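Following: one structure in structure tokens, then a few remarks.
Values in this text are rule-based calculations from the coordinates and carry no lab data. Keep in mind it's a predicted model, so treat the numbers as computed, not measured. Positions of Cβ are backbone-derived with ideal geometry, glycine not excepted, and every protein chain shown enters the neighbour counts.
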Amino acid sequence: MKPPVGNLLYWSAILLRGIRWLVAGLVILFFSYMTLAVLVQVGGRYMFDYAIDWTAETATFAQIWMIFLAAGLAMRERLHVSVDMLTDVAPVTMRRLFIVIIAAACIWFLAEAIRGSIALIDIGRIQSSPVLQIPMWIPYLSLPVGLLYFGLELLLALAARWTRPIANVEPH
């Protein structure tokens, strides 16, 4: 049976699944490239006594993108450190109050970090990388993209905690 066109929840779930699939694929791609580039650099240097400069630069850029995107994946899987000893013994209304306070603090921090990264991207428009002359706004773009994805996963995790404040909420 085909879902109705106006079913926002259905289409939001499809979009979220697509975003998660894309981010996971990009993390795998960046990690694979980074590994390969470093191996080429090491092989070139020690086997052929020739340094391949661009491999180190592109591996660094791949690592930057990978880290910022993987932070959201770690949030999805609840792999970030959290201290929930107090919330585990608090009543449900207090737990929900903690969720609101935590959400407000995290959203404020992410918004400030994104605002700062936009300024960094503006600086990156006039800078280029030393070896390949890649515009630096490209690696700097990993900040707002990664932080926005992290924020999305954070809000989903907090919403899950809100709906089931007593249970140990699974991330999926």
Compute the Rg to Rh ratio over the chain from the alpha carbon atoms, using the Kirkwood formula for Rh, and round to two decimal places.
1.09
For Arg96, the net charge from surrounding residues (Cβ-Cβ under 12 Å; K, R +1; D, E -1) works out to +3
Please list, ordered by chain and number, the residues whose modelled amide H lies under 5 Å from the amide H of Ser128; skip anything fewer than 5 residues away on the same chain.
Met136
Loop-only check: which chymotrypsin sites (Phe, Trp or Tyr not before Pro) in segment 38-120 are DSSP coil with at most 13 other Cβ within 10 angstrom?
Phe48, Tyr50
Return the whole-Å distance between the Cα centroid of segment 79-107 and the Cα centroid of segment 4-34.
27
Per DSSP, the loop-located trypsin sites (Lys or Arg not before Pro) within segment 81-137 having at most 12 other beta carbons within 10 Å are Arg125
Taking Cα pairs under 8 Å and at least six residues apart, what relative contact order does segment 37-172 come out at, in percent?
32
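Once the piece of chain linking Ile28 and Ile14 is laid out straight, how much longer is it, given 0.36 nm per residue of separation minus the C-alpha distance between them?
Working: separation 14, 0.36 × 14 = 5.04 nm, distance 2.12 nm.
Stretched fully, the Ile28-Ile14 segment lengthens by 2.9 nm.
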